[in-house]
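The values are calculated or read from the model by the stated rules, or taken from the named source; none is laboratory data. Here the structure is a predicted model, which is why all the values come from computation and not from measurement. Note that we place each Cβ from the backbone using ideal geometry, even for glycine, and neighbour counts take in every protein chain shown. Remember, those area values only see protein heavy atoms, side chains included, never the ligands or the DNA or RNA. Shrake-Rupley method; radii C 1.70, N 1.55, O 1.52, S 1.80 Å.
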Amino acid sequence: MPSPIRVAITGAAGQIGYSLLFRIAAGDMLGSDQTISLRLLDIPASTSVLNGVLMELQDCAFPLLADVSITHDPVVAFDQVDLAILVGARPRSKGMERKDLLTANGEIFSTQGKILNQVAKRDAKILVVGNPANTNAYIAMKNAPDLPAENFSAMLRLDHNRALSQLAMKLGRPVAQIRKMVVWGNHSSTQLPDLYHAEINKNHVMQLIDDPAWIEGFFVPTVQQRGAKVIEARGLSSAASAANAAINHMRDWIFGTRQDDWVTMGVPSDGSYGIPEGVIYGFPVTCAGGKYSIVKELDIHPAYRDKLYSGYQELLEEQQVINHLLPQ
Ligand code: NAX
């Protein structure tokens, strides 16, 4: 069996952490032939909870879990890591302005970016889940100038999966048959789920949708507002589905996307689709050999062109708030 892959997870005592760690340790992310060394990071106030999570991981006796350690020091957590999943972030508290949340969380990701820059493996793959995910990923990337920019990504896979499922339910077809979904832009309510390229058995799904009004009237708003609906129903934000999406994101990035398909990842823009460089944006990507490539030259639905740009503008507005956290 190959030597263990070192995986750091921040916010490990949180609710996404609780759904994520056990699946990773069971082999869902890296396969059943790969041992794993888990580095779990959380803040000192969460030490007791993290200790409980550690005990439960030990009690599972996972054959693939070579070792697991807990810490509140990111230098220890990120030391020589191959993969880092940055989940830990502050929730928005009552009365907190969005601007204050951006700054508070931005500070976490600027510190973690600097430390990853110092101690992570030079080819470490880093996924940011903590919100606002795109901007936090951008902050971490900018504070880690010695790591390749393309090794930083933000999670839009939950939005992508939500879009796949809504379409599958509408068509009464298995989700696995649907290919070429994309959710453009920011992981926020400006995100744009786009099914105009989607296919089932090489047929465009548009040929199968009998009431096109469903797209803008139901599909798009349902995907955009799904997170809020889950909070409304559960009293807590999405956790198991977010953990599942993080696993999907990492697995596809490492092992590759399937033939004739793509997935959505938040990645640094290269100017594709008129989105200027300088933001981390949700694009359709294919992955092979541990690298992603943005799918180019799709025909964008005319009504969507301005919407794609709105997502970019929102990301620029977010960046203005956290500009002081970027190396000048
Ligand atoms: P929880 O509040 O349950 O857990 C967050 C954990 O992070 C806590 O244990 C906390 O102590 C820890 N933490 C806070 N600051 C930290 C720091 N500086 N270093 C390490 N750990 C730190 O939140 P949870 O439901 O797990 O959600 C975590 C984040 O994911 C939130 O920002 C949430 O908004 C975001 N989400 C992102 C999604 C996406 O699709 N990108 C979807 C799900 C989720 O809403």
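Data table
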item	result
Which listed residue, of Asn105, Asn151, is of a type outside the set (Gly, Ala, Ser), closer than 25 Å to Ser241 by Cα and within 9 Å of the ligand (Cβ to nearest atom)	Asn105
Selection count where residues are assigned to a helix (DSSP H, G or I), hydrophobic (A, V, I, L, M, F, W, C) and open to solvent by 50 Å² or more (accessible area, probe 1.4 Å), scope the stretch 202-228	4
Filtered residues of the stretch 233-257 (kept if among the small types (Gly, Ala, Ser), more than 11 Å from the ligand (Cβ to nearest atom) and either out of contact with any strand residue (DSSP E or B) (no Cβ under 6 Å at 6 or more places or on another chain) or open to solvent by 40 Å² or more (accessible area, probe 1.4 Å) (or both))	Ala233, Gly235
Residue satisfying condition, being surrounded by 16 or more Cβ atoms within 10 Å (Cβ to Cβ) and among the basic types (Lys, Arg), within set Arg23, Arg39	Arg39
Residues of the stretch 165-199 that turn out to be within 16 Å of the ligand (Cβ to nearest atom), over 13 Å from Val263 (Cα atoms) and of a type in the set (Val, Ile, Thr), as a count	1
In the stretch 142-177, the residues that are part of a helix (DSSP H, G or I), in contact (Cβ under 8 Å) with a residue 24 or more places away in the chain and touching a Ser or Thr at 6+ places or on another chain (Cβ under 9 Å)	Lys142, Arg157, Leu158, Asp159, His160, Asn161, Arg162, Ala163, Gln166
Filter result for the condition that a residue is modelled with pLDDT of 95 or more, more than 14 Å from the ligand (Cβ to nearest atom), among the aromatic types (Phe, Trp, Tyr) and surrounded by 18 or more Cβ atoms within 10 Å (Cβ to Cβ), over Phe62, Phe78	Phe62
Pick from the stretch 69-84, criterion among the β-branched types (Val, Ile, Thr) and touching a residue at least 40 places away in the same chain (Cβ under 8 Å), ranking: farthest from Leu116 (Cα to Cα)	Ile70
Residues of the stretch 127-138 satisfying the condition of being open to solvent by 10 Å² or more (accessible area, probe 1.4 Å) and under 11 Å from the mean Cα position of the chain (by Cα)	Val129, Asn131, Pro132
Helices (runs of 4 or more DSSP H) completely within the stretch 1-117 that count 2 or more residues being over 22 Å from the mean Cα position of the chain (by Cα)	47-60, 74-78
Filtered residues of the stretch 274-293 (kept if open to solvent by 20 Å² or more (accessible area, probe 1.4 Å) and at pLDDT 95 or above)	Gly274, Pro276, Glu277, Thr286, Ala288, Gly289, Lys291, Tyr292, Ser293
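The rows are residues; the columns are (1) in contact with a strand residue (DSSP E or B) (Cβ under 8 Å, 6 or more places away or on another chain); (2) open to solvent by 40 Å² or more (accessible area, probe 1.4 Å).
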residue	(1), (2)
Lys125	yes, no
Ala140	yes, no
Phe152	yes, no
Met155	yes, no
Ala168	yes, no
Gly172	no, yes
Gln177	yes, yes
Ser189	no, yes
